[in-house]
Amino acid sequence: MKVINVKGDIVVNEWAAIYKWLGWEHICPKDVADIIAEAEIGEEIRVNINSGGGHVMAGQEIYSVLSKNPNVRISVEGMACSAASVIAMAGRSSISPVGMLMVHNVSGYASGDYHEMDKTSSELRRMNEALANAYHVKSGMDMDKLLKLMDRETWLTANQCIEYGLIDSVEQPVQQGNVLMLNAVDYGVRLTPDIMKRVEAEMQEADDREERKRALLADLDDYGI
């Protein structure tokens, strides 16, 4: 069995190196595709989800990759929010009794005159419809109802997920010790332009140090040291 952990932020491939550098938990489409490529024919692919979401296009790509494989089995272990809730629609699924799904409108940023703002508004509405289609394909729910749930930023309990047909079954709880649960969750991505610039500079500096080290070792070899 192959395991894909959708934990932390869902990010585009280009951001994965920065998240790794910072030590932030994340998943990107390439990670998912690589694991699936390693699977044997017919091998089960277990997708464990506990994520506040992230980049919508990365979530779409992961959903598309997973939904093509009939051996995918999805487990919502905690939260499947935003883009993570779309990924949860990609196959046969179960949810923890304390798990939740959160659906909401796509958000983004824009600048410019009113033409640009109108264009951005239209694009966001179309993106909402595209994501709602994943929920519709899974559950058969009416698209207008789904879009209204997204418009209200709706949190769904495990039982509601089953009622709406978004998840197939509720998992049996495992007896264990006390578990600390927080009453809030962050969703989206934490990577800001300032953080990206700082990390890219640090990564470049590290690469430069490594290059200088290799050059120094090469000089020492030339002198037989």
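The values are calculated or read from the model by the stated rules, or taken from the named source; none is laboratory data. A quick note: this is a predicted structure, and the numbers were derived from the prediction, not measured. Quick reminder, even Gly has a Cβ in these numbers, built from the backbone with ideal geometry, and neighbours come from all protein chains shown. Just so you know, the surface numbers come from the protein's heavy atoms only, side chains and all, with ligands and any DNA or RNA stripped out. Shrake-Rupley method; radii C 1.70, N 1.55, O 1.52, S 1.80 Å.
Of the GluC sites (Glu not before Pro) in segment 35-86, which ones lie in a loop per DSSP and count no more than 13 other C-beta atoms within 10 Å?
Here the sparse-neighbourhood loop sites are Glu40, Glu43, Glu44.
Return the subset of Lys148/Lys197; Lys20/Lys148; Lys119/Lys148; Lys2/Lys148; Lys30/Lys138 for which the Cα-Cα distance in this structure is over 31 Å, preserving the input order.
Too far apart for the 31 Å limit: Lys148/Lys197; Lys20/Lys148; Lys2/Lys148.
Could you give the length gained on full extension between Met196 and Ser107, defined as 0.36 nm per residue of separation minus the Cα-Cα distance, in nm? Don't skip to the answer; put the middle values down first.
Values: separation 89, 0.36 × 89 = 32.04 nm, distance 2.01 nm.
Fully extending the segment from Met196 to Ser107 adds 30.0 nm.
So what are the radius of gyration and Dmax for the Cα set of the chain, in Å?
Rg, Dmax (Cα atoms, Å): 21.2, 76.
Please compute the modelled spin-label separation between Asn69 and Ala39, points set 7 Å along Cα→Cβ, answer in nm with one decimal.
Simple spin-label model gives 0.3 nm for this pair.
Could you please state how large a percent of the accessible area of the chain is carbon and sulfur, counting protein chains only and using a 1.4 Å probe? Each step should come with its number before you reach the end.
Working: 6800 of 13580 Å².
Its accessible area is 50 percent carbon and sulfur atoms.
How large is the Rg to Rh ratio of segment 33-99 when both quantities use alpha carbon positions and Rh follows Kirkwood?
On the way: Rg = 11.5 Å, Rh = 12.0 Å.
Dividing the radius of gyration by the Kirkwood radius yields 0.96.
Which whole-angstrom value gives the distance between the alpha carbon centres of segment 68-136 and segment 22-62?
About 15 Å separates the Cα centre of segment 68-136 from the one of segment 22-62.
Give me the 1.4 Å probe accessible area per residue for the chain, excluding ligands and nucleic acids, in Å².
Result: 60 Å² per residue.
Protein chains only, probe 1.4 Å: how do Arg209, Arg73 rank by accessible area, largest first?
Descending order: Arg209, Arg73.
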